[in-house]
Every structure is written in structure tokens, then in C-alpha cells.
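Accompanying notes for the structure given below.
The values are calculated or read from the model by the stated rules, or taken from the named source; none is laboratory data. Remember, predicted model here, so these are calculated numbers, not experimental data. A quick note on method: Cβ atoms are made from the backbone with ideal geometry, for glycine too, and the neighbour counts reach across all protein chains shown.
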Amino acid sequence: MDNFARSMIHDLNTPITTAHLNATALQKLDLTEAQAKRLRRIIQSLKMLESLETKLKHTITYAKIDYDDKPLLLCKLCETLKERSPLIRLDCRNDLTIKADEVMITRMLDNLLSNAIKYNQNNQPIEIRLSGNRLTIKDRGAGIAHPERIFEPYYREKSSMPGLGLGLGIVKEVCEHYDIKIDIKSKPDFGTTITLDFSSISL
């Protein structure tokens, strides 16, 4: 299984590198502001993929994720994620600094936002609020019928939705590693509110 996983990661490297080189070359063209913004998002996503690839290699070799903890401005990180969708509204009440791995915290928040976007209904806004040590993500989407199961690997609320059902497993891993308290309140057809308490890693 380890050899298979290593081969899969190796095969991922070529298309990621090729895409990154081509995207970087496109930056030299005379682009509109909208095109340049989209290109920056693509390059940022590719850089994240490269970082994840490195972490996967380390995980397979040493049977654990390699966390590289550094001071991070949580609001600044959320501002980057805000570009995921025009539906996202960001309200930062303070400049909370945490000590954590930027790639893993970004993946955790990105997975939570991906679900909020995926299950959104009628283009309702998705709210991100940072207040004190707490970050809240609130949507008015389909809601969660079985919140007790969402951290199970491969579990998805709707099997018709794309994905493997692994995203919230990553959320659980990161929360457990940093002792981040996560609270989920949800009601089918009314939406979901997720609160993350970063007290354990705040600076």
C-alpha cells in the first residue's frame, strides 16, 4: 500500500509542476484585473497542492503529518479564502494571531468553506466571523441531517455530491492535533453554524 501511495504522489507531481509553470508564464501577459485575480487564485491553489504533496510524502515515510508551526494572522488567512466565492462575507473583529501550520489550518478552513459552498441554497451568503479566539462559519444551506457522522471517513450527507467524503476527516485531524474545540449546530433546510475555538494556540 505504501509503494502504491508513493507512486500516486509521484504521478501527481508532474501535472502540478506543469500547471504551476504555465500559470506563472501567464502572469507575464497583459491581463485584465479580473483575469489576474483568477490567475493568482490558481497559483495559490497550486502552491498549496505542492505543500500538501510534501506533507503526504512525509506522512507515508514517518507515519505522521509534519506540522510546521509558525505565527499566523487568522484574519489575513481568511481574507485569502474569501476569494473562494462571492457569497462569502468576512467580519474580523480582531487580529487574532495563532501558532500553527499554515497549510493544515488553510486546508481545514477550506474544507469547511467548501461544504458551505457545495450545500448552499439560493445563493445565500456565507458568513465568516472572527471574534476573540473564536471563528464562526455560518451558512443557510441544506443543513446536516446526521451531524454525529460527519467526521466519519468517506461519509457524505448527499451521495450525489462530488467528492470522496474525506474533507471533514482532515478537519478532525487538525482540530485534535491543536486541541481546537469545534462546535457544530445544524438544522436540515435551515443551515449550519460551525464555531472553532483557537484558545489553545492563540498568541
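Couple of notes before you dig in:
- In segment 34-66, the residues that are more than 22 Å from residue 113 (Cα to Cα), at pLDDT 80 or above and surrounded by 15 or more Cβ atoms within 10 Å (Cβ to Cβ): none
- Unique residue being within 20 Å of residue 182 (Cβ to Cβ) and at pLDDT 85 or above when the list is 149, 134, 89: 134
- For segment 121-145, a residue qualifies if it is touching a helix residue (DSSP H, G or I) at 6+ places or on another chain (Cβ under 6 Å) and β-branched (Val, Ile, Thr), and the qualifying residues are 126, 128, 137.
- Among the numbered conditions (1) outside the structural domain of residue 178 (by TED's automatic domain parsing); (2) modelled with pLDDT under 85, the only one that residue 83 does not meet is (1).
- Test: residue 169 is modelled with pLDDT of 85 or more and not acidic (Asp, Glu): no
- When residues of segment 103-127 are limited to those that are of a type in the set (D, E, K, R) and out of contact with any Lys or Arg (no Cβ under 7 Å at 6 or more places or on another chain), the one nearest to residue 200 (Cα to Cα): 107
- Taking the conditions (1) within 20 Å of residue 83 (Cβ to Cβ); (2) at pLDDT 90 or above; (3) not hydroxyl-bearing (Ser, Thr, Tyr) in turn, residue 180 satisfies each one other than (1).
- Residue count for segment 112-131, restricted to those that are at pLDDT 90 or above and of a type in the set (Ser, Thr, Tyr): 1
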